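Q: Before we start, here is the structure in question, set down as structure tokens.
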Amino acid sequence: MEELLRRSEKLTTVGQLAAGVAHEIRNPLTTLKGFLQLQQEKQILVPLHIELMLSELERINLIVSEFLILAKPQAVHFQEKDVRDILGDVVSLLDSQAHLFGIQFSATFSEYPSTVHCEVNQLKQVFINIVKNAIEAMPDGGVISMELRNTLDSVFILISDQGEGIPKDMLPKLGEPFFTNKESGTGLGLMISQRIIQAHKGHLEIQSEVGQGTTVMIKLPAAGTDTPWLNIKDERSEGQRE
Ligand code: ADP
Ligand code: MG
């Protein structure tokens with residue numbers, strides 16, 4: 001019964017998503033159709049119209065490619081990987097773009113490995129989404145700091161910016177599909193990131209203060225947490241209690 005309930009909830013979410021995608025894609029399609037009809041009937045398209053059509057096409061393309069990330073089970077390959085390496089890759093990837101906006105990265109990583117059991121490309125995607133949001137929140141430049149903290153069974157990743165921040169009443173809406181306050185945003189980045197982190201048995205939380213900045217905190221299970229070594233230790237501590 002519970003399984004049925006869970007499955008129907010899942011279906012509802014998928015249904016809502018599909019309706020959202022249809023809506024988001026139909027709008028630019030309507031614009032494109034309008035321009036093409038205008039051209040067919042009156043042949044009056046000018047370069048500005050073409051530019052608008054291209055940007056509408058680009059929007060459809062963006063929505064579709066963000067969705068492909070969700071629908072690619074064949075590419076999933078879990079492995080043990082140090083989060084410091086993944087973050088390092090993300091910084092190299094976005095460094096030049098950040099530089100253009102006067103943004104610098106500051107990284108405080110533990111000297112110990114922060115190994116997690118993960119799908120590297122998916123985690124990379126999560127960090128890219130979050131860092132991109134941080135860059136977009138600081139049009140006048142600033143610092144994006146990344147911090148890694150290890151506990152015995154978890155790895156904490158904190159990514160902070162000094163951007164505009166998020167109003168309190170907006171916080172609960174983050175991660176809802178298509179929720180965006182950007183002109184060319186899709187409102188899909190955080191939703192996809194939340195799902196990826198959930199699939200990694202982790203947790204994603206956002207703290208923000210308007211005018212101060214935003215911190216995204218991700219908690220992931222440390223790799224090897226359920227190794228025999230730890231089980232033995234658990235048994236012993238139970239034994240001691242008796
Ligand atoms: P998009 O970036 O396409 O708008 P996201 O899902 O990545 O979609 O983000 C949704 C919304 O959350 C953004 O439009 C923005 O309003 C808010 N947001 C996310 N990250 C930040 C941040 N670091 N600073 C300020 N606002 C943010
Ligand atoms: Mg985004």
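Q: Evaluate the range 161-168: report whether one residue or more is basic (K, R) and over 20 Å from I196 (Cβ atoms).
A: For the range 161-168, residues basic (K, R) and over 20 Å from I196 (Cβ atoms): present.
Table: residues versus (1) in contact with a helix residue (DSSP H, G or I) (Cβ under 9 Å, 6 or more places away or on another chain); (2) in a strand (DSSP E or B); (3) within 22 Å of Q212 (Cβ to Cβ).
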| residue | (1), (2), (3) |
| --- | --- |
| S110 | yes, no, no |
| P113 | yes, no, no |
| C118 | yes, yes, no |
| L123 | yes, no, no |
| N129 | yes, no, yes |
| K132 | yes, no, yes |
| V143 | no, yes, yes |
| M146 | yes, yes, yes |
| R149 | no, yes, yes |
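Q: Another question, then. How many residues, within the range 156-202, are among the charged types (D, E, K, R) and more than 9 Å from ligand 1 (Cβ to nearest atom)?
A: The qualifying residues number 5.
Q: Just checking, does the range 152-160 include any residue being assigned to a loop (DSSP other than H, G, I, E, B), modelled with pLDDT under 95 and away from ligand 2 (no atom under 13 Å from the Cβ)?
A: yes
Q: Could you list all residues from the range 133-155 that are under 15 Å from M217 (Cα atoms), surrounded by fewer than 19 Cβ atoms within 10 Å (Cβ to Cβ) and not small (G, A, S)?
A: E147, L148, R149, N150, T151 - these are the residues of the range 133-155 that are under 15 Å from M217 (Cα atoms), surrounded by fewer than 19 Cβ atoms within 10 Å (Cβ to Cβ) and not small (G, A, S).
Q: Can you work out which of the residues in the range 127-155 that are hydrophobic (A, V, I, L, M, F, W, C) and within 11 Å of ligand 1 (Cβ to nearest atom) is farthest from A18 (Cα to Cα)?
A: Out of the qualifying residues, it is I144.
The values are calculated or read from the model by the stated rules, or taken from the named source; none is laboratory data. Values in this document were obtained by computation on a predicted structure and should not be read as measured data. Cβ coordinates were reconstructed from backbone atoms using ideal geometry, including for glycine residues, and neighbour counts include every protein chain displayed.
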